[in-house]
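Okay, structure first, notes after.
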Amino acid sequence: MRDREYLEHHLGTLTTTGGTDLGSTTAVAPEVLKRARQRIDVDDLYAAVLANDRPKLARAITLLESTSPAHRELAQELLVRLLPKSGNALRVGITGVPGVGKSTFIETLGMKLIGEGHRVAVVAIDPSSTKTRGSILGDKTRMARLSKEDSAFIRPSPSAGTLGGVAKATREAIVVFEAAGYDIILVETVGVGQSEVAVHQMVDCFTFLALAGAGDQLQGIKKGVLEMADIVAINKADGPNEKLAKRAARDLAAAMRMVRSQDELWHPPTLTMSAVEGSGVDEFWGYVMDHHEVMQREGLFEDRRRQQQIGWMWAMVHETIRLRLDNDAAVKTTSAAMERQLREGTTTPTLAAQRILAAFDGG
Ligand SMILES: Nc1nc2c(ncn2[C@@H]2O[C@H](COP(=O)(O)OP(=O)(O)OP(=O)(O)O)[C@@H](O)[C@H]2O)c(=O)[nH]1
Ligand SMILES: [Mg+2]
């Protein structure tokens, strides 16, 4: 039922024009906005979000993901009103290579949390996903129990677009979920490209799931991710794999000590767990709580959120400029000419760059 609801809202009146973007850089014509307003009642959506009306919550988020300029404008109206009601959830990021068990873990953790009386929203960032429909259903089957719970809401990644656009939609979805009273937000991202950095920018606690390798190798671990992680967990520590996982956890703990300063107020713990069997999940959440307590006590919690707001603002500025640059007619003409001249060896990259920027400034 929920899948159908979800798809209906995707395929219904709020059509997206493909790809999630930061939206238009030009003003919306008043008559276009008026027509959009006739179909989308912001007052009604606002009240419905606060009342946690599930179909309308989905609709509000679809509105945020829309690339139509009129929808973008209405979405911002809705967000501005919801913003004072948001900010009260704990936001936890969960990253790790494809197949490490993030969705399985979120299902187990989510069930535990709603059992304790929490309301859990799950969002995802997967800018590489072009098979949106497939992954919606895929994720829902992986979280089969959680997706049936009234205290949980699973929202798959917006359809493929720029990472900036996808991250923006997810961040805005968090505002909506918080206003609707969800007190824990879990953000899943696949550990490829820059999506981890984007998630780190929007969560209070950033966790990293890893696997023990075939030997005693650790798999898929980038130094950058260890630098960001607040908690590290080796998943699939079950059956014959358990011993290997324990050893991997020790190695990883040592690696963490190398990349992290000992002066930090929080020393990221490394644990083993099994998302399938549920072992280690309580311990994991205990660390999330410990981390939260330390951050609050040291005044770092609010600091981090404020830093994120500033980082977010600049990300929007950079992304918007990049979009404008890419879509600028004068830039397109000049850059074609500059690329030709570079191939012919009749200009230098510096001069060519100057010409393109001059075209942009003049256009
Ligand atoms: N043995 C074992 N298998 C697990 C565990 N957690 C997940 N799996 C299995 O690993 C596979 C991948 O799990 P997912 O939860 O889909 O992994 P994911 O990280 O969400 O994958 P992507 O969304 O594709 O990045 C599935 O077949 C799971 O059943 C675990 O703790 N132990
Ligand atoms: Mg997954």
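Quick rundown of the values:
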quantity: Failed item, numbered, when Asp230 is tested on (1) modelled with pLDDT under 90; (2) in contact with a helix residue (DSSP H, G or I) (Cβ under 8 Å, 6 or more places away or on another chain); (3) of a type outside the set (Lys, Arg); (4) away from ligand 1 (no atom under 11 Å from the Cβ); calculated: (1)
quantity: Residue satisfying condition, being of a type outside the set (Asp, Glu) and in contact with a helix residue (DSSP H, G or I) (Cβ under 6 Å, 6 or more places away or on another chain), within set Thr346, Thr334; calculated: Thr334
quantity: All helices (runs of 4 or more DSSP H) inside region 187-275 with 1 or more residues being under 20 Å from Ser157 (Cβ atoms); calculated: 195-200, 223-228
quantity: Subset of region 74-118 (residues that are more than 16 Å from ligand 1 (Cβ to nearest atom), surrounded by fewer than 20 Cβ atoms within 10 Å (Cβ to Cβ) and charged (D, E, K, R)); calculated: Glu77, Arg81, Lys85, Glu116
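The values are calculated or read from the model by the stated rules, or taken from the named source; none is laboratory data. These figures come from a predicted structure and were not determined experimentally. Reconstructed Cβ throughout: ideal geometry from the backbone, glycine too, with neighbour counts over all protein chains shown.
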